[in-house]
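The values are calculated or read from the model by the stated rules, or taken from the named source; none is laboratory data. Nothing here was measured: the structure is a model prediction, and the numbers come from that model. Using ideal geometry, Cβ is built from the backbone for each residue, glycine included, and neighbour counts are taken over all protein chains shown. When the accessible area is computed, the model is the full protein with side chains, heavy atoms only, and any ligands, DNA or RNA have been set aside. Shrake-Rupley method; radii C 1.70, N 1.55, O 1.52, S 1.80 Å.
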Amino acid sequence: QVQLLESGGGLVQAGGSLRLSCVGSGRPFSTYVMAWFHQAPGKEREFVAAVRWIGNTIYADSVKGRFTISRDNAKNTVYLQMNSLKPEDTAIYYCAAVNTIVLVSSPLYDYWGQGTQVTVSS
């Protein structure tokens, strides 16, 4: 059974930090491109960040300098360290995976987690 399981969401004040984790199972996710997307109420799902298995990364402009994506291939886990959080970061955050060597920012990913809620209060 293929599964991506996110954790680490919660409620935080503006300026605070959270660290999201996503553990994959059922596929060799250590070689996949892994990514984070978010979706705010009434909005489309948007790209946040992605990482290749060798560590190359890309970020949405809105999170550059504040968020860091990383991965531990031995644990099939990808992380999203979120600092200097803003109320507009409030959304459900989804982990995604795709079997490619190209960093992909469109939502054309094969596997998705259930999401974890991040709420930033002002």
Scan region 54-66 and tell me whether some residue there is modelled with pLDDT of 95 or more and within 23 Å of residue 2 (Cβ to Cβ). no
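Return the residues of region 18-56 that are in a loop (DSSP other than H, G, I, E, B) and open to solvent by less than 60 Å² (accessible area, probe 1.4 Å); say none if nothing qualifies.
Residues of region 18-56 in a loop (DSSP other than H, G, I, E, B): 26-28, 32, 40-45, 52-56.
Listed by number, the residues that qualify are 26, 32, 40, 52, 55.
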Consider only pairs whose beta carbons are under 6 Å apart and that are at least six residues apart or on different chains; among these, list those whose first residue lies in region 95-122 and is aromatic (Phe, Trp, Tyr) and whose second residue is assigned to a loop (DSSP other than H, G, I, E, B). 111/2
Residues in region 66-102 that are assigned to a loop (DSSP other than H, G, I, E, B) and under 19 Å from residue 40 (Cα atoms) total 6
Candidate set from region 87-113 (those that are among the hydroxyl-bearing types (Ser, Thr, Tyr) and either surrounded by 14 or more Cβ atoms within 10 Å (Cβ to Cβ) or in contact with a Ser or Thr (Cβ under 8 Å, 6 or more places away or on another chain) (or both)); member that is nearest to residue 4 (Cα to Cα): 111
All conditions in (1) surrounded by fewer than 18 Cβ atoms within 10 Å (Cβ to Cβ); (2) over 13 Å from the mean Cα position of the chain (by Cα); (3) closer than 21 Å to residue 28 by Cβ are true of residue 84 except (3)
Qualifying positions in region 4-46 - without any contact (Cβ under 8 Å) to a residue 60 or more places away in the chain and touching a Ser or Thr at 6+ places or on another chain (Cβ under 8 Å): 21, 23, 40
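Take residue 17 and tell me if it is within 20 Å of residue 81 (Cβ to Cβ) and among the hydroxyl-bearing types (Ser, Thr, Tyr).
Numbers: within 20 Å of residue 81 (Cβ to Cβ): yes; among the hydroxyl-bearing types (Ser, Thr, Tyr): yes.
Taking the combined requirement at face value, the residue satisfies it.
Name the residue that is farthest from the chain's Cα centre (by Cα), counting only residues in region 2-17 that are at positive phi and outside any strand (DSSP E or B). Quick ask: steps written out before the conclusion?
As a first pass, look at region 2-17 and keep what is at positive phi: 8, 10, 15.
Remaining after also requiring outside any strand (DSSP E or B): 8, 15.
On the way: 8: 11, 15: 19 Å.
Looking at residues that are at positive phi and outside any strand (DSSP E or B), I get 15.
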Looking at the structure I just gave you, is residue 12 β-branched (Val, Ile, Thr), over 19 Å from residue 114 (Cα atoms) and in contact with a strand residue (DSSP E or B) (Cβ under 6 Å, 6 or more places away or on another chain)? yes
